[in-house]
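Asks: Right, I'll just put the structure down here and ask away after.
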């Protein structure tokens, strides 16, 4: 193992061991995973075709879409909400000083919290693995499509995790973090569309752009990213499929959106570390 990776592992190992062993949250983790599996299985059972219909149609794409939507919905809410209470929970329990006395730097504390949240989401999605890997066996979807979707989902999870950690650093109470995290999710998913509508309402009568053409800020919404991803799947599977398009100001592919979210996650992490350093210095003074 390279020295850099070994140093990173040694810095986050205490936090991982503390979260997953000493806090003994195994029951809740397993219950979350089983609940997610049951919900997804119910969707699949409700759409499972009769044998006569399944003989002439490939249902793997339909099942993959249902599973992917469930994973997107669960990961968006859980990753942000869980991350938003990691630092605030330490403040409420008065254990932040003990964590600081362990010798971890502010960057290592923030990085370890991000790693803990990502491990939690990975554990939560383990039951989905056999279901999503079985979709190509039913036809209509390939492993390459699934792999690209999981990469984009990973980028989104990293972004929402880093955003949740930033929220957790800014507030002291868990309920404040959860409330602000809910507001943040609503804004980033729907707020950009509202801003574009306001731009149209103010300048639409003077500009030649129609409401459908004022996609400026809304291009950065996760909803647009996932719409482009599912449109790309349909374009690959159905040769006569052409996604609805119009003359728009800004158009991003789902890969470009994923890269932007990763860059935003890196910037958010840097800002979080700086704010956390100032907070710890203020506490020591």
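Asks: With the structure loaded, tell me whether residue 115 is in a helix (DSSP H, G or I) and surrounded by fewer than 15 Cβ atoms within 10 Å (Cβ to Cβ) or whether it fails that test. It would help to see each step written out before you state the result.
Replies: Working: in a helix (DSSP H, G or I): yes; surrounded by fewer than 15 Cβ atoms within 10 Å (Cβ to Cβ): no.
So residue 115 fails the test.
Asks: Also, I was wondering about something else. Could you count how many residues in region 170-205 are under 20 Å from residue 96 (Cα atoms) and surrounded by fewer than 22 Cβ atoms within 10 Å (Cβ to Cβ)?
Replies: Step one: of region 170-205, the residues under 20 Å from residue 96 (Cα atoms) are 170-178.
When the remaining residues are screened for being surrounded by fewer than 22 Cβ atoms within 10 Å (Cβ to Cβ), the result is 170-176, 178.
Residues in region 170-205 being under 20 Å from residue 96 (Cα atoms) and surrounded by fewer than 22 Cβ atoms within 10 Å (Cβ to Cβ): 8 in total.
Okay, residues lined up against (1) surrounded by 14 or more Cβ atoms within 10 Å (Cβ to Cβ); (2) modelled with pLDDT under 85; (3) assigned to a loop (DSSP other than H, G, I, E, B); (4) touching a strand residue (DSSP E or B) at 6+ places or on another chain (Cβ under 7 Å):
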{"site": "231", "(1), (2), (3), (4)": "yes, yes, no, no"}
{"site": "243", "(1), (2), (3), (4)": "no, yes, yes, no"}
{"site": "260", "(1), (2), (3), (4)": "yes, no, no, no"}
{"site": "263", "(1), (2), (3), (4)": "no, no, no, no"}
{"site": "267", "(1), (2), (3), (4)": "no, no, no, no"}
{"site": "270", "(1), (2), (3), (4)": "no, no, no, no"}
{"site": "277", "(1), (2), (3), (4)": "yes, no, no, no"}
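Asks: Also, I was wondering about something else. Just to be sure I understand the filter: pairs with C-beta atoms under 6 Å, separated by 6 or more residues or on different chains, first member in region 75-88 and on the phi > 0 side of the Ramachandran plot and in a helix (DSSP H, G or I), second member surrounded by 24 or more Cβ atoms within 10 Å (Cβ to Cβ) and at pLDDT 85 or above. Which pairs pass?
Replies: none
Asks: Moving on to the next point. Run down 137, 126, 151 and say which single residue is outside any helix (DSSP H, G or I) and more than 15 Å from residue 66 (Cβ to Cβ).
Replies: Numbers: 137 fails: outside any helix (DSSP H, G or I); 151 fails: outside any helix (DSSP H, G or I).
None of the others qualify; the one that does is 126.
Asks: Quick check: anything in region 89-102 in a loop (DSSP other than H, G, I, E, B), surrounded by fewer than 16 Cβ atoms within 10 Å (Cβ to Cβ) and touching a residue at least 12 places away in the same chain (Cβ under 8 Å)?
Replies: yes
The values are calculated or read from the model by the stated rules, or taken from the named source; none is laboratory data. All values reported here derive from a predicted model rather than from experimental measurement. Methodologically, a virtual Cβ is constructed for each residue, glycine included, from the backbone with ideal geometry; neighbour enumeration extends over all protein chains shown.
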